[in-house]
Amino acid sequence: VKKIGVLTSGGDAPGMNAAIRGVVRTALSEKLEVFGVYDGYLGLYENRMKQLDRYSVSDMINKGGTFLGSARFSDFYKKKIRSIAANNVKKRKIDGLVVIGGDGSYIGAQKLTEIGVPCISIPGTIDNDVAGTDYTIGYFTALQTVVEAIDRLRDTSSSHQRISIVEVMGRYCGDLTLAAAIAGGCEFIVLPEIHYTKEELVIEIEAGIAKGKKHAIVAITEYICDVEKLARYIQKKTNRETRATILGHIQRGGAPVVYDRILASRMGAYAVELLIQGHQGKCVGVQNEKMVFNDITNALKNMKRTFKRDWLITAKKLY
Ligand code: F6P
């Protein structure tokens, strides 16, 4: 292995820059050349790459976003597009790629490996929804952001004795919502992993009111329902003023917190080591604080993340 590439793909996550830095600095210390690919698989297909040196990643450890840019490029599912991208890599004599992103990016990395571009993927997404790792890069920063937002909502919903609904990202994974709800002391939690009806939620809220609760915060994962409509429904049924807040892309920005910086640096370095050792089609993870790797195919097809039911049980006791 003499030359490698690195790209970030899918939704950005705080810590992606730290991961790129980890890749670049490790590669250079192993006397490899490194190329940065702009805008994920789109840039790979359009042959937009640039050689990086140690100064390309100066002052990047603490910066949110990804300086290489990222994209959701659904055309990469097309064989023809992927083979053009693979040829661009081969023409430049790049021996392997480090792909930083979520499970969509893993699929791309697996497909590229199949057509002769050895890839190692690193989990970078705020959703913490990737199998084969306890945590993904960006999750802890987003969690901090969500909890700070909930703290602010608590102030105002307490002043006005209102019910506040806060919609949290996570796609189809409730990890971010559940952890934020515990840390933010939310009274009610709605997650994709658990059965939910608005009628049952109202019964729970009413029981809270009967206990003497003057205000409440409901944390809910995105894509479960229209939270504005839910707010109107709760207000009508409980006769309590109810407001909905969609945190949105605020959750994706900001300087990475310490844990994400460390995780990203370790994963970046480890991915390069794996390429040097001749591994391909693998994804990096952290399990019980140790770096691990798995087959991407296995992570995508067979490995499931387990829902933290015990966390939810604890959370409910604290309502
Ligand atoms: O995967 C990260 C994420 O922020 C999800 O939580 C969310 O559903 C999605 O990306 C939003 O995607 P986009 O930035 O393309 O709107």
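The values are calculated or read from the model by the stated rules, or taken from the named source; none is laboratory data. Computed from a predicted structure; not experimentally measured. We place every Cβ from the backbone using ideal geometry, glycine too, and count neighbours over all the protein chains shown. These area figures cover heavy atoms from the full protein model, side chains too; ligands, DNA and RNA do not enter into them. Shrake-Rupley method; radii C 1.70, N 1.55, O 1.52, S 1.80 Å.
Below, the figures for the structure above:
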read-out	value
Extreme residue, least open to solvent (accessible area, probe 1.4 Å), among residues of segment 60-102 that are of a type in the set (Phe, Trp, Tyr) and in contact with a Phe, Trp or Tyr (Cβ under 6 Å, 6 or more places away or on another chain)	Phe76
Any hit, segment 296-315, residues being out of contact with any helix residue (DSSP H, G or I) (no Cβ under 6 Å at 6 or more places or on another chain), open to solvent by 90 Å² or more (accessible area, probe 1.4 Å) and aliphatic (A, V, I, L, M)	yes
Out of Gly138, Gly184, Gly132, sole residue that is within 13 Å of the ligand (Cβ to nearest atom) and not β-branched (Val, Ile, Thr)	Gly138
Given (1) over 16 Å from Ser265 (Cα atoms); (2) outside any helix (DSSP H, G or I); (3) among the aliphatic types (A, V, I, L, M); (4) within 15 Å of the ligand (Cβ to nearest atom), number of the condition Leu68 does not satisfy	(4)
Residue in segment 87-122 that is nearest to the ligand (Cβ to nearest atom), counting only those that are under 15 Å from Ala19 (Cα atoms) and of a type in the set (Val, Ile, Thr)	Ile100
Residue that is assigned to a strand (DSSP E or B), open to solvent by less than 10 Å² (accessible area, probe 1.4 Å) and of a type in the set (Gly, Ala, Ser), where the choices are Ser105, Ser121	Ser121
Identity of the residue in segment 31-49, away from the ligand (no atom under 16 Å from the Cβ) and among the aromatic types (Phe, Trp, Tyr), that ends up farthest from Ala269 (Cα to Cα)	Tyr45
Output for segment 45-82, where each listed residue is farther than 25 Å from Ala27 by Cα and of a type in the set (Val, Ile, Thr)	Ile81
Selected residue (criterion: farthest from Asp129 (Cα to Cα)) from residues of segment 4-30 that are away from the ligand (no atom under 12 Å from the Cβ) and not in a helix (DSSP H, G or I)	Glu30
Yes/no for Gly22 being open to solvent by less than 70 Å² (accessible area, probe 1.4 Å), within 20 Å of Thr141 (Cα to Cα) and of a type in the set (Gly, Ala, Ser)	yes
Hey, Asp127 in contact with a helix residue (DSSP H, G or I) (Cβ under 9 Å, 6 or more places away or on another chain), part of a loop (DSSP other than H, G, I, E, B) and open to solvent by 10 Å² or more (accessible area, probe 1.4 Å) or not	yes
Hey, Val146 within 15 Å of the ligand (Cβ to nearest atom), crowded, with 16+ Cβ neighbours inside 10 Å, part of a helix (DSSP H, G or I) and not hydroxyl-bearing (Ser, Thr, Tyr) or not	yes
Residue within segment 3-11 that is crowded, with 19+ Cβ neighbours inside 10 Å, under 16 Å from the mean Cα position of the chain (by Cα), of a type in the set (A, V, I, L, M, F, W, C) and closer than 16 Å to Val272 by Cα present	yes
Pick from segment 149-176, criterion assigned to a helix (DSSP H, G or I) and of a type in the set (Val, Ile, Thr), ranking: most open to solvent (accessible area, probe 1.4 Å)	Thr156
